[in-house]
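Please read the structure below before turning to the comments.
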Amino acid sequence: MPIQTLPTGQVAWQRRTMPARLARWFGWLLGVLLVVQSWQVMNADTIWEFVYDAPAQAGDLLVRMWPPRWSVLDQLWRPLWDTLNMATLGTALGVVLGVPVAFLAARTTTPSATILRPIALLVIVASRSINSLIWALLLVTVMGPGVLAGIIAIALRSIGFIGKLLYEALEETDANQVEAITATGASAAQRIAFGFIPQIMPTFAGISVYRWDINIRESTVLGLVGAGGIGLQLNASVSRLAWPEVTVMFAAILCTVAVSEWVSARVRAAII
Amino acid sequence: MLRIRGLSKTYRGGDRALDGVDLDVPRGQLMALIGPSGAGKSTLIRCVNRLVEPSAGEIVVDGAPVTGLSSGGLRAARRRMGMIFQEYALVERLTVMENVLSGRLGYVGFWASWLRRFPQADVDEAFRLIERAGLGGMQDKRADELSGGQRQRVGICRALIQDPALLLVDEPTASLDPKTSRQIMRLLVELCEERQLAAIVNIHDVVLAQMFVQRIVGLRAGRIVFDGPPDALTTETLTEIYGEEDWAASSAPEDDDEDDAAAARAAALRLAETAR
């Protein structure tokens, strides 16, 4: 009750009630305690001598990375191409599997709110809670190293991303447009085709391109666990302490990501 | 054409929106449904095509019962009822043509509609209606590019291409300016006459309703409290429908109160002069 009548008869208004203010005060107190506690945990496992040394070490590493060994570029085109394919095919597979999951998960379109919707939400949470690097690790163990493991790892991670964002878009659609389509005597499938799909089309395109963009970045590291692509090469060079090669790979990855960001920005602008 | 008997609707939470409504609308009649916000006007017309499920009562359209139909039967029944909305409810990202053709969804199969392969007869009819509504040449424009009046015309075309026996019209002019409102009402009147359609029009603007319709039904708190020709709507009946208010002052301040309905019409005519 932020509004209260004072004994003088004046009506006072405050933003929060007394208990609400106390609760907030304790919330802040807990936050401060957490920071202090975390600081102690961090200090416990840190060897500060190494940290004082860090700038010198970093400088040393940079010196060893320079000049770049550009000749290694000839061996990089193929893994780079693999990386791009992995990201693109993985995204495509993720879209194909994620879109139906989104329609099952959205309250507005699900055919069964009691059975199918929880299952779809579980699929989304499961996919999202595991990083694609971990998916790749599991898949390489199960089906051996290679690009295919990377594609499937990326797809499995993308299902949750696309499913979640798309089902939220489906729940935010304008109900009037759907009502009008229902009133014409449209079937359930036609309601989705005419009432929902036109409304979510820009969001869908945006989500897919954005995920593709993320997947290119993620697929560059999947090679570290044996799932193919440029990460494999990177891992090999780091193991051999061939730092000048690593520099070239960083540059190649940077260029690829920059190009993919440019492409996705253009596509999104064209659609919306 | 439309027969409603004992229609009641109680929403979850106990709000009683309709309470034993009996109503008959014959073929070719344009009927206005007036009443304060929350009186149940929207619920009433949404019960007719069961966008809202009635709690009790019977609805018969063109001799066929609508209540108690299976989902397939309901689809077939809805094809015969065109609906027009306050905020137009066009699919914003589809073109005028697609929006109009969506009125045929009840008649064509899924794949034909998904691939936009509507029968040529439907396409011909769509062209004819778009032309008739004064939107010739706009077939390829997207709905979100149109003005309010144009959108409502598209909405009317979408309802008419269903080849309906009954039109359910929910506040068709509430989002439009006075002149466009009159044009839309005139178009509705002409179309209902041409096609001998029965129509229920929910409307807030009593003066506008009096100018165009043959019959007015007043709804208050889910019950019909007035049913008669526009001329019979007096200060007393308006008070009964809406509650106490100085009706003469709002419609025609300088007229003496002997004939409110006539005064209201005179006010509307003056409004029309200034609008032109």
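I'm checking my understanding of the structure. Among residues of the stretch A:56-88 that are assigned to a helix (DSSP H, G or I) and either under 17 Å from the mean Cα position of the chain (by Cα) or basic (Lys, Arg) (or both), which one is farthest from A:ILE162 (Cα to Cα)? Here the answer is A:ARG64. Taking the criterion of being surrounded by fewer than 19 Cβ atoms within 10 Å (Cβ to Cβ) and touching a residue at least 40 places away in the same chain (Cβ under 8 Å), the residues of the stretch B:231-247 that qualify are B:TYR242, B:GLY243. State all residues of the stretch A:209-251 that are part of a helix (DSSP H, G or I) and farther than 21 Å from A:VAL147 by Cβ; if no residue qualifies, say none. Those that are part of a helix (DSSP H, G or I) and farther than 21 Å from A:VAL147 by Cβ: A:VAL209, A:TYR210, A:TRP243, A:PRO244, A:GLU245, A:VAL246, A:THR247, A:VAL248, A:PHE250, A:ALA251.
Are there strands (runs of 3 or more DSSP E) fully within the stretch B:182-236 with at least 3 residues that are in contact with a helix residue (DSSP H, G or I) (Cβ under 7 Å, 6 or more places away or on another chain)? List them.
B:198-202, B:215-220
Output the helices (runs of 4 or more DSSP H) that fall wholly within the stretch B:55-153 and possess 1 or more residues being under 14 Å from B:ASP163 (Cα atoms), or say none.
B:71-79, B:96-101, B:120-132
From the list B:LEU135, B:LEU69, the lone residue that is more than 10 Å from every other protein chain (Cβ to nearest Cβ), out of contact with any strand residue (DSSP E or B) (no Cβ under 8 Å at 6 or more places or on another chain) and under 30 Å from B:PRO178 (Cβ atoms) is B:LEU135.
Pick out the one residue from A:SER187, A:SER237 that is of a type in the set (Ser, Thr, Tyr) and under 23 Å from B:GLU92 (Cβ atoms).
Exactly one of A:SER187, A:SER237 is of a type in the set (Ser, Thr, Tyr) and under 23 Å from B:GLU92 (Cβ atoms), namely A:SER187.
As a summary of the residue check, A:GLN40 satisfies the conditions (1) surrounded by 13 or more Cβ atoms within 10 Å (Cβ to Cβ); (2) not assigned by TED's automatic domain parsing to the domain that holds A:SER260 except for the one numbered (1). Residues of the stretch A:219-255 that are under 15 Å from A:ARG78 (Cα atoms), in contact (Cβ under 8 Å) with a residue 60 or more places away in the chain and touching a Ser or Thr at 6+ places or on another chain (Cβ under 7 Å): A:SER219, A:THR220, A:GLY229, A:ILE230, A:GLY231, A:MET249.
Every residue, every condition in (1) under 18 Å from A:ALA169 (Cα atoms); (2) in the same structural domain as A:ALA252 (by TED's automatic domain parsing); (3) modelled with pLDDT of 90 or more, yes or no:
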{"site": "A:TRP70", "(1), (2), (3)": "no, no, no"}
{"site": "A:THR83", "(1), (2), (3)": "no, yes, no"}
{"site": "A:THR88", "(1), (2), (3)": "no, yes, yes"}
{"site": "A:ALA92", "(1), (2), (3)": "no, yes, yes"}
{"site": "A:VAL95", "(1), (2), (3)": "yes, yes, yes"}
{"site": "A:PRO100", "(1), (2), (3)": "yes, yes, yes"}
{"site": "A:PHE103", "(1), (2), (3)": "yes, yes, yes"}
{"site": "A:PRO111", "(1), (2), (3)": "yes, yes, no"}
{"site": "A:SER132", "(1), (2), (3)": "no, yes, no"}
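Listed here are the residues, each with its yes/no results for (1) in contact with a Gly (Cβ under 6 Å, 6 or more places away or on another chain); (2) farther than 19 Å from A:ILE216 by Cβ; (3) of a type in the set (A, V, I, L, M, F, W, C).
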| position | (1), (2), (3) |
| --- | --- |
| A:VAL99 | no, yes, yes |
| A:SER112 | no, yes, no |
| A:ARG117 | no, yes, no |
| A:VAL140 | yes, yes, yes |
| A:LEU166 | no, yes, yes |
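For the stretch A:176-214, the set of residues classified as of a type in the set (Asp, Glu) and within 7 Å of another protein chain (Cβ to nearest Cβ) consists of A:GLU179 only.
Pick from the stretch B:231-247 the residues that are over 22 Å from the mean Cα position of the chain (by Cα) and either among the acidic types (Asp, Glu) or more than 17 Å from B:VAL217 (Cβ to Cβ) (or both): which of them is modelled with the lowest pLDDT?
B:TRP247
Quick one: in the stretch B:82-127, which of the residues that are over 24 Å from A:THR203 (Cβ atoms) and within 7 Å of chain A (Cβ to nearest Cβ) is surrounded by the most Cβ atoms within 10 Å (Cβ to Cβ)? Among residues in the stretch B:82-127 that are over 24 Å from A:THR203 (Cβ atoms) and within 7 Å of chain A (Cβ to nearest Cβ), the one surrounded by the most Cβ atoms within 10 Å (Cβ to Cβ) is B:GLY103.
Look at the stretch A:164-175: where a residue is away from chain B (no Cβ under 14 Å) and a partner is loosely packed, with under 15 Cβ neighbours inside 10 Å, sitting 6+ places away or on another chain with Cβ atoms under 6 Å, you get A:GLU171/A:ARG107. The lone criterion from (1) modelled with pLDDT under 90; (2) among the aliphatic types (A, V, I, L, M); (3) more than 24 Å from A:ASP174 (Cβ to Cβ) left unmet by B:ALA32 is number (1).
The values are calculated or read from the model by the stated rules, or taken from the named source; none is laboratory data. Source: prediction; values computed, not measured. Positions of Cβ are backbone-derived with ideal geometry, glycine not excepted, and every protein chain shown enters the neighbour counts.
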